[in-house]
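Student: This is the structure, below, for whatever I ask next.
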Amino acid sequence: MSETILFLAHTEADGSLSRIALEALAAAKSLGGTLVAGLIGADVQAAAGSIAGCGAARYLGVAGEAFAESRYASDAAAVEALVKAAGATVVVAPQTSRFARCLAGVAQRMGGRIDTHITAIAEGPQVTRWYYRQRMEAVIGRAQRPWFLLVESGVAEPYLSRGPEGAVVLEMLPVEVSSATRVVGRQSPKAEQQTIRPDAKLLFVAGAGWTKKQADGATHIEDAARLILGFLGATGASLGSSKSLVDLSGEGQAVLPFLSHMNQVGQTGATPRHPKGLSACCHGEEPHVVGWRFIRERRAINLDANCGWARGKADVVYVADAFVVMERVNALLAGKS
Ligand SMILES: Cc1cc2nc3c(=O)[nH]c(=O)nc-3n(C[C@H](O)[C@H](O)[C@H](O)COP(=O)(O)OP(=O)(O)OC[C@H]3O[C@@H](n4cnc5c(N)ncnc54)[C@H](O)[C@@H]3O)c2cc1C
């Protein structure tokens, strides 16, 4: 059966398409079939022009102030209209929080199916995704249509416009928004407080040892915070944590205020993908280290020569006091050696 593939994207605040959206477009193109582009945003004209050479048979848009911000009701209505107008059998969209919020509902509404967190895509379509906390990888196809596919970043090289950006014939679809939900603004942490940086080359993992009594019989939380934030500031590394460290706040113990469960790496945490990892004051138990499966080069600093890292889980283990090591590393980074 020849498929009608709808590439679905929302614009960014400046009216452009994000890198992950352009990756989804490249993935959609690779499926063959008839390609249709469907764009949502305050104004989608510039975004459509930027992909004028992508080979889409049609360009559809839903635009207006109501579609500037992420909101379930307006986004779901816009997507439904686009899928219907395109006659789409397969919908390929980037795995953004905006689409993750509304596409499952649209699939249900339209009697379709959805698969999310897709990491590879091939003709058929055949899609790859992980199950059971990234322990099993499956390649799946489905007979049900429309089939919605939310693709992760890295699924394809971003679509690169060849030749001049052009004017496209954009078919605008009228969509009524009856939602009582108003977007009154956004609240997000300041950039410097954001310690989770998926694109960083290095993952720095802090363990519960940073909050434990040290050789002098006292805890040194403030020093720990200064050393960790100093290292992150100097290197741009992403901050991970063991479960024990992020659980401490629930136990009423002194904690590192910039850590939350979002930082947790492991079986019940995240499985980040950085080329390198450095763990400090973390024991390296299996439920934690399983979250390091995609970290290629691993180093650890631990006082205990028998810690889990020393048992084949790290390439290099420094048996040393992490407070001393990181003080020295930060001084070297600051050129104060
Ligand atoms: C079902 C299940 C799921 C779990 N999921 C996760 C998960 O997703 N992620 C996770 O992290 N854990 C998980 N755990 C918990 C995991 O088993 C460990 O308990 C946890 O990872 C231990 O955290 P930690 O190494 O930071 O703390 P600890 O075990 O307390 O280790 C602290 C380490 O710091 C070292 N240290 C202390 N001071 C210094 C110093 N000055 N310099 C250098 N080293 C020092 C100590 O030698 C010690 O090795 C799970 C457990 C279960 C049962």
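The values are calculated or read from the model by the stated rules, or taken from the named source; none is laboratory data. These numbers come from a predicted model, not from an experiment. Heads up, the Cβs are rebuilt from the backbone with ideal geometry, glycines too, and the neighbour counts pull from every protein chain shown.
Student: So, of the residues in region 69-89 that are aliphatic (A, V, I, L, M) and surrounded by fewer than 18 Cβ atoms within 10 Å (Cβ to Cβ), which turns out to be nearest to Leu31 (Cα to Cα)?
Tutor: Ala85
Student: Given (1) surrounded by fewer than 18 Cβ atoms within 10 Å (Cβ to Cβ); (2) at pLDDT 95 or above, identify the lone condition not met by Gly112.
Tutor: Tallying (1) surrounded by fewer than 18 Cβ atoms within 10 Å (Cβ to Cβ); (2) at pLDDT 95 or above, Gly112 fails exactly one: (1).
Student: Oh, and also: Within region 293-312, track down each residue that is crowded, with 18+ Cβ neighbours inside 10 Å, within 10 Å of the ligand (Cβ to nearest atom) and not in a strand (DSSP E or B).
Tutor: The answer is Cys307, Gly308, Trp309.
Student: Related question: Could you go through region 119-132 and let me know if any residue there is touching an Asp or Glu at 6+ places or on another chain (Cβ under 9 Å) and either assigned to a helix (DSSP H, G or I) or not assigned by TED's automatic domain parsing to the domain that holds Arg71 (or both).
Tutor: Within region 119-132, none of the residues are touching an Asp or Glu at 6+ places or on another chain (Cβ under 9 Å) and either assigned to a helix (DSSP H, G or I) or not assigned by TED's automatic domain parsing to the domain that holds Arg71 (or both).
Student: Which one of these does Gly277 not meet: (1) surrounded by fewer than 22 Cβ atoms within 10 Å (Cβ to Cβ); (2) in contact with an Asp or Glu (Cβ under 8 Å, 6 or more places away or on another chain); (3) at pLDDT 95 or above?
Tutor: (1)
Student: Kindly indicate whether Val316 is assigned by TED's automatic domain parsing to the domain that holds Leu202, more than 23 Å from Gln193 (Cα to Cα) and over 20 Å from the mean Cα position of the chain (by Cα).
Tutor: Here the answer is yes, as Val316 does meet what is asked.
Student: Please work out which one of (1) loosely packed, with under 15 Cβ neighbours inside 10 Å; (2) modelled with pLDDT under 95 is the condition Val155 fails and give its number.
Tutor: (1)
Student: While we're on this one: If you take the residues of region 271-291 that are in contact with a strand residue (DSSP E or B) (Cβ under 6 Å, 6 or more places away or on another chain) and closer than 16 Å to Gln134 by Cα, which of them is farthest from the ligand (Cβ to nearest atom)?
Tutor: Taking the candidates together, the pick is His274.
Student: Could you tell me which numbered condition Gly266 fails, if it satisfies all but one of (1) under 20 Å from Tyr318 (Cβ atoms); (2) near the ligand (Cβ under 8 Å from one of its atoms); (3) in contact with a His (Cβ under 8 Å, 6 or more places away or on another chain)?
Tutor: Gly266 satisfies every listed condition except (1).
Student: Quickly run through region 115-134 and pick out the residues that are surrounded by fewer than 11 Cβ atoms within 10 Å (Cβ to Cβ) and either under 15 Å from Ala28 (Cβ atoms) or of a type in the set (D, E, K, R) (or both).
Tutor: Glu123
Student: Please go through region 313-324 and pick out each residue that is exposed (fewer than 15 other Cβ atoms within 10 Å of the Cβ) and hydrophobic (A, V, I, L, M, F, W, C).
Tutor: Val316, Val319, Ala320, Val324
Student: Do the conditions hold for Gly284, that is, is it surrounded by 15 or more Cβ atoms within 10 Å (Cβ to Cβ) and under 21 Å from the mean Cα position of the chain (by Cα)?
Tutor: no
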